[in-house]
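These notes concern the structure reproduced below.
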Amino acid sequence: MLFPVLDPANSEWDFAEVWIDPMLSPPYILLLLGNSSGSCRVYDPAENYKVVFTGATYDETQTWLLEDEYEPMEGRLSASEL
């Protein structure tokens, strides 16, 4: 199965973060991708990488995740590192 969201040749994203809901076992995972314009999208890997939230800024997206009690995993993957 192909996941174009993670395609390093696709320059539509600048960084990726993994967020988890630690209250579930195993923890539920969401993927946040940010782009150079500052907007961010949250993808759900369990639902075929469906976009579950789009924020105009990182802060807006982070607030949405924190309100749903998600926590960021340590570290950020930059597209330029690939």
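The values are calculated or read from the model by the stated rules, or taken from the named source; none is laboratory data. Every value quoted in this text rests on a predicted model; they were computed, and no experiment measured them. Note that each Cβ is placed from the backbone with ideal geometry, even for glycine, and that neighbours are counted across all protein chains shown. These area figures cover heavy atoms from the full protein model, side chains too; ligands, DNA and RNA do not enter into them. Shrake-Rupley method; radii C 1.70, N 1.55, O 1.52, S 1.80 Å.
Summary table
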read-out	value
Close pairs from segment 9-22: first within 12 Å of Leu82 (Cα to Cα) and acidic (Asp, Glu), partner open to solvent by less than 30 Å² (accessible area, probe 1.4 Å) and modelled with pLDDT of 95 or more, Cβ under 6 Å, at least 6 apart	Asp14/Gly34
Lone unmet requirement of (1) among the aliphatic types (A, V, I, L, M); (2) within 12 Å of the chain's Cα centre (by Cα); (3) more than 11 Å from Trp19 (Cα to Cα) for Val42	(3)
Long-range neighbours under 9 Å by Cβ, at least six apart or interchain, first residue farther than 19 Å from Leu24 by Cβ within segment 66-81, second in a loop (DSSP other than H, G, I, E, B) and open to solvent by less than 100 Å² (accessible area, probe 1.4 Å)	Ser78/Asp14; Ala79/Pro8; Ala79/Asn10; Ala79/Trp13; Ala79/Asp14; Ser80/Asp14
Among residues of segment 27-44, those that are among the charged types (D, E, K, R) and farther than 18 Å from Gly75 by Cα, counted	1
Residues of segment 48-82 satisfying the condition of being charged (D, E, K, R) and not in a loop (DSSP other than H, G, I, E, B)	Lys50, Asp59, Glu60, Glu67, Glu71, Glu81
Qualifying residue in segment 29-47 (condition: outside any loop (DSSP other than H, G, I, E, B) and polar (S, T, N, Q))	no
Within segment 66-80, considering residues that are of a type in the set (A, V, I, L, M, F, W, C) and either under 10 Å from the mean Cα position of the chain (by Cα) or farther than 14 Å from Gly34 by Cα (or both), the one modelled with the lowest pLDDT	Met73
In segment 30-48, the residues that are in contact (Cβ under 8 Å) with a residue 12 or more places away in the chain and surrounded by fewer than 17 Cβ atoms within 10 Å (Cβ to Cβ)	Asn35, Ser36, Gly38, Ser39, Asp44, Pro45, Ala46
Candidate set from segment 49-65 (those that are in contact with a Ser or Thr (Cβ under 7 Å, 6 or more places away or on another chain) and surrounded by 15 or more Cβ atoms within 10 Å (Cβ to Cβ)); member that is farthest from Asp14 (Cα to Cα)	Phe53
